[in-house]
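*Asks:* After the structure tokens below, expect a handful of questions from me.
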Amino acid sequence: MNEQFDNILEKRIRELGYRSLFLTDLEVTDKEIWNFGANEQELKIIAYSEKTSDFSRFLTVELLRHYDVKINSKYHSLIAKSYAYALSNSATDNPHFFGVVGNLWGLLYEEDDLGKLGSFYVSLGDKAVLSLSNLLDNKNDKIFYDGSEEATIGNSYQYRVKDFAAFYISKIKNIPITFYQDFDQRDAEIERLKEILANE
């Protein structure tokens, strides 16, 4: 495998970013990045290499999923760490925010909606719990939603990174958790979840 080609491909994936890869420049993604399937092996190498950054791995795994490529379960822990990175950088107050909005992570509690990204993250099962647990103390602010009706619903809940993490853990571990609009009550519920996890 040509290492220079791998680096160039990863660099291009990073340059395009999530929105261009999946929401705007799909023709570029098909031709240049996926190359009509010819780059599948190169993309797998990027996705599964420990040398790959969390940002690149997140984007590359999403590319493989976009083209219905089965994700190797051997790398679920590594991949979970990358999705934690993506979730934490979905808060607009984060200087590394890269345009992934709440719609993709789900409407959570009252709507019982995991979203496109959240559904996959939760599907990683116990391999995802450690990375999610690390986000329960995340200090980043709210994640915002795009659109009209969905944005109105999602933004009214004022979900933070830690709220998404708590919801996903509750799904993976089958631990009931109550959502509160009040932040202090919400944080108390998250502390309760942390205690349950610590005592397992």
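*Asks:* Based on the Cα gyration tensor of the range 68-179, what are the three equivalent ellipsoid semi-axes, each the root of five times an eigenvalue, rounded to whole Å and given largest first?
*Replies:* Whole-Å semi-axes of the equivalent ellipsoid: 21, 15, 14.
*Asks:* Would you please give the residues with an amide H less than 5 Å from that of Asp113, counting only those at least 5 places away or on a separate chain, with H modeled from the backbone geometry?
*Replies:* Hits under the 5 Å cutoff: Leu107, Leu108.
*Asks:* Which of Ala151, Ala91, Ala80 moves most in a GNM of the chain, Cα contacts under 10 Å?
*Replies:* Comparing Ala151, Ala91, Ala80 in a Gaussian network model of the chain, the most mobile one is Ala151.
*Asks:* Can you work out ³J(HN,Hα) from phi for every residue in the range 153-162, in order, using Karplus 6.51 cos²θ - 1.76 cosθ + 1.60 and θ = phi - 60°, giving whole Hz and x for Gly and Pro?
*Replies:* 5, x, 5, 5, 7, 6, 5, 9, 3, 5
*Asks:* Please work out the average accessible area per residue across the range 75-200, using the 1.4 Å probe convention, and give it in Å².
*Replies:* Roughly 46 Å² per residue, with all protein chains present.
*Asks:* First measure r as the distance between the Cβ atoms of Lys74 and Lys116, then evaluate 1/(1 + (r/R0)^6) with R0 = 25 Å and state the FRET efficiency to the nearest 0.05. Working shown, then result.
*Replies:* Numbers: r = 23 Å, r/R0 = 0.93.
FRET efficiency, Lys74 to Lys116: 0.60.
*Asks:* Could you give me the ³J(HN,Hα) list for the range 118-126, computed from phi with Karplus coefficients 6.51, -1.76, 1.60 and θ = phi - 60°, whole Hz, x at Gly and Pro?
*Replies:* x, 4, 5, 4, 5, 5, 6, x, 4
*Asks:* Now for a different question. For Thr52, enumerate residues with amide H under 5 Å from its amide H, sequence gap 5+ or separate chain, H modeled in the peptide plane.
*Replies:* Excluding prolines and chain starts, which carry no amide H, there are no hits.
*Asks:* Another question, if that's okay. How big is the charge dipole of the range 69-200 about its Cα centre, in debye rounded to the nearest 20, if each Lys and Arg gets +1 on its Cβ and each Asp and Glu gets -1 on its Cβ?
*Replies:* With only Lys, Arg, Asp and Glu charged at Cβ, the dipole is about 760 debye.
*Asks:* Restricting the calculation to Cα positions, tell me the Rg (one decimal) and the Dmax (whole number) of the range 130-190 in Å.
*Replies:* Rg, Dmax (Cα atoms, Å): 11.9, 34.
*Asks:* With label points built 7 Å along Cα→Cβ from the Cα atoms of Ala38 and Ser156, find their separation and express it in nm.
*Replies:* So the label points at Ala38 and Ser156 sit 5.1 nm apart.
*Asks:* Taking the square root of 5 times each eigenvalue of the Cα gyration tensor, what semi-axes in Å does the equivalent ellipsoid of the range 9-114 have, largest first?
*Replies:* Those come to 22, 16, 14 Å.
*Asks:* Relative contact order (percent) for the range 89-129, with alpha-carbon contacts under 8 angstrom and 6 or more residues of separation?
*Replies:* Across the range 89-129, relative contact order equals 23 percent.
*Asks:* Something else: Starting from the Cα of Asp146, step 7 Å toward the Cβ, then list every residue of the range 78-97 with an amide N under 18 Å from that point.
*Replies:* Answer for the range 78-97: 86-94, 96-97.
*Asks:* Under a plain spin-label model, where a point goes 7 Å from the Cα along Cα-to-Cβ, how far apart in nm are Glu50 and Lys11?
*Replies:* Between Glu50 and Lys11, the label points sit 2.6 nm apart.
*Asks:* Collect residues whose amide H, placed 1.01 Å from N in the peptide plane, falls under 5 Å from the amide H of Asp146; neighbours closer than 5 in sequence don't count.
*Replies:* For Asp146, whose amide H was placed from the backbone, the distant partners under 5 Å are Gly102, Asn103.
*Asks:* OK, next. For the chain, what are the per-bin percents of Cα-Cα distances with bins 10 Å wide, up to the bin holding the maximum?
*Replies:* Reading the bins upward from 0: 9, 35, 34, 17, 5, 0.
*Asks:* Hey, what did the range 1-66 get for relative contact order, percent, Cα under 8 Å, at least 6 apart?
*Replies:* Rounded, it is 33 percent for the range 1-66.
*Asks:* While we're looking at this one, here's another question. Relative contact order for the chain: what is it in percent, counting Cα pairs under 8 Å that are at least 6 residues apart?
*Replies:* 15 percent
*Asks:* Which percent of the accessible area of the chain is formed by carbon and sulfur heavy atoms (probe 1.4 angstrom)?
*Replies:* Looking at the chain in its full context, I get 48 percent from C and S.
*Asks:* Apply the Karplus curve 6.51 cos²θ - 1.76 cosθ + 1.60, θ = phi - 60°, to the phi angles in the range 15-26 and return the couplings in whole Hz, x for Gly and Pro.
*Replies:* Working through the residues one at a time gives 4, 5, x, 4, 5, 5, 5, 10, 10, 10, 9, 5 Hz.
*Asks:* Using +1 at the C-beta of Lys and Arg and -1 at the C-beta of Asp and Glu, which of Gly99, Asn174, Ser156 has the Cα lying farthest in the positive direction of the dipole of the chain?
*Replies:* It is Asn174.
The values are calculated or read from the model by the stated rules, or taken from the named source; none is laboratory data. A quick note: this is a predicted structure, and the numbers were derived from the prediction, not measured. Please note: Cβ atoms are built from the backbone with ideal geometry, for glycine as well, and neighbour counts cover all protein chains shown. Heads up: the accessible areas ignore ligands, DNA and RNA and are worked out on the full protein's heavy atoms, side chains in. Shrake-Rupley method; radii C 1.70, N 1.55, O 1.52, S 1.80 Å.
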